[in-house]
Amino acid sequence: MAINKDRVLLNIKKLSAYTVPNIECAVKLDGNESPYNLEDELGEKIRSELQKVEFNRYPDPNLNSIRSKFAEIYSFPKEGILLGNGSDEIIQMLITVFSGKSETVLIPKPTFSMYRLSSLAQNKSVVESKLDENFDIDLDDFKNMIFEYDPDLIFLATPNNPTGNAFSREKIIEIINCTDAIVVIDEAYFEFCEQDFLSTINNFDNLMVLRTMSKIGFASIRLGMLFGNPELVLELNKARMPYNINSLSQSVMNVVLENKKIVDEKIGLILSERENLKAGLQKISGLEVYPSDANFFLVKTEDSDFLFNELVKKDILIRNMNNEGRLKNCIRITVGTPKENEKLLGALTSIFSN
Ligand code: PMP
């Protein structure tokens, strides 16, 4: 029988896939990745460990070695740690498992697009609370939405993407305390920020913390981590695909976690370069630079489409966030190496002086 497209594709037809423009540029500042690849001794150690991978075998399905290492590093029960193929996969699992009652997910606006896309793709409703003029949570509005829509699940990225700022800790705590929804604090950028909720997770039954290796040098291996109450993580684990973390990624992670100090040094470099880049961007008239607690800046300009194209002509890729509403004419710039940032600042200076 022919498929009934109206029935089968009813909701998914309305969505657009998560897309990243496929443009090759020498200076890549669009993905919030670390600019540092493995030129150092960590690279050597990883390459040597990869030689031991048994390509003919399935990976460890329970991820015992990596989960034990995370448990030790964060003094957290191993049973409360779940790993995903990027935090994107964990976001999808959280929606599958924890949005079965009101089938509603509450998020701020603007925020990371996958919360919305993944919820809608799973036929859940999404309600959005607009951030205030400082891109912080509008607590009254957020709480009203909780009472009106009774969401099952709330995602709060802090620092938030694409705005770059961390949300006020007191507001987050008030939200966690006023709902029985699962509140997921997405700490994808916590390494660049003073705030952390993992250390206080035990104070709240309904709090889960999401992290990733993607922003600190390992976007290629796709590894996200969720920390939560072991009872809830046990349930979440039922929705995890078998062998979701491949052997290559597991092998790399084992070395990385044994050499975390080297990774932390790179984070220090990015943090100091963030200050240099900020100072440089602020000198360019024509740009409004928003405060950042992450490894990127949200920047407003007069015509972001024009600026994006001009930068591509100069072999520099940034992210054009131009959209209706608060992101109108905004771009997002990831902190690069000192050389890359210098090139960017030079290019911007010449574009704005013409
Ligand atoms: N959460 C936030 C807030 C992000 O910005 C991103 C990446 N853009 C993700 C999650 C997804 O990260 P991962 O690479 O671990 O899937």
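Given the pairs Lys109/Lys238; Lys14/Lys215; Lys171/Lys328, which are separated by over 28 angstrom at their Cα positions?
The answer is Lys109/Lys238; Lys14/Lys215.
Which stretch or stretches of the stretch 17-53 have amide N atoms under 18 Å from the point lying 7 Å from Glu258's Cα along the Cα→Cβ direction?
40-53
Let me check against my output: what whole-number percent is the relative contact order of the stretch 54-258, with C-alpha pairs under 8 Å and at least 6 apart?
The value is 29 percent.
Give, to the nearest whole percent, the P(r) tail of the stretch 54-258 beyond 28 angstrom, counting all Cα pairs.
Pairs farther apart than 28 Å: 24 percent.
Which parts of the stretch 79-109 would a label at Ile267 reach, counting a residue when its backbone N lies under 12 Å from a point 7 Å out along Cα-to-Cβ?
Of the residues in the stretch 79-109, none has backbone N under 12 Å from the label point off Ile267.
Starting from 0.36 nm per residue, how many nanometres of slack lie between Asn22 and Ser350 once their C-alpha separation is accounted for?
115.6 nm
Report the FRET efficiency, 1/(1 + (r/R0)^6), for Glu302 and Glu54, where r is their Cβ-Cβ distance and R0 is 51 Å, rounded to 0.05. Could you put the intermediate results ahead of the total?
Numbers: r = 56 Å, r/R0 = 1.10.
The computed FRET efficiency comes out at 0.35.
What are the ³J(HN,Hα) couplings of the stretch 252-267, residue after residue, when phi is run through the Karplus curve with 6.51, -1.76, 1.60 and θ = phi - 60°? Round to Hz, x for glycine and proline.
These are the phi-based 3J(HN,Hα) values: 4, 4, 4, 5, 4, 6, 7, 10, 5, 4, 5, 5, 5, 5, 5, 4 Hz.
Quick one: check the C-alpha center-to-center distance for the stretch 232-267 versus the stretch 112-172, whole angstrom.
Cα centres, the stretch 232-267 to the stretch 112-172: 27 Å.
What list of ³J(HN,Hα) couplings, whole Hz, do you get for the stretch 160-176 from phi and the Karplus terms 6.51, -1.76, 1.60, once you set θ to phi - 60° and write x for glycine and proline?
Karplus-based 3J(HN,Hα) across the stretch 160-176 equals 8, 10, x, 6, x, 8, 7, 6, 5, 4, 4, 5, 4, 5, 4, 5, 4 Hz.
List the residues of the stretch 234-263 whose backbone N lies under 15 Å from a point placed 7 Å from the Cα of Ala71 along the Cα-to-Cβ direction.
It comes to 234, nothing else.
Any aspartates and glutamates with Cα under 20 Å of the Lys313 Cα? List them, leaving off those in the same chain fewer than 8 positions away.
Cross-link targets: Glu24, Asp30, Glu302, Asp303, Asp305, Glu340, Glu342.
With a Förster radius of 25 Å, plug the Cβ-Cβ distance of Asn323 and Asp141 into 1/(1 + (r/R0)^6) and report the FRET value to the nearest 0.05. Kindly include the intermediate steps, with their values, before the conclusion.
Numbers: r = 20 Å, r/R0 = 0.80.
The calculated FRET efficiency here is 0.80.
Just order 235-242, 320-327, 52-59, 137-144 by mean Cβ neighbour count inside 10 Å, highest at the front, would you? Don't jump to the answer; show the numbers that get you there.
Details: 235-242: 13.6, 320-327: 15.1, 52-59: 9.9, 137-144: 17.1.
Highest-to-lowest ranking by the protection proxy: 137-144, 320-327, 235-242, 52-59.
No value in this document is a laboratory result; all are computed from the given coordinates. From a predicted model like this one, the values you see are computed outputs, not experimental measurements. We place every Cβ from the backbone using ideal geometry, glycine too, and count neighbours over all the protein chains shown.
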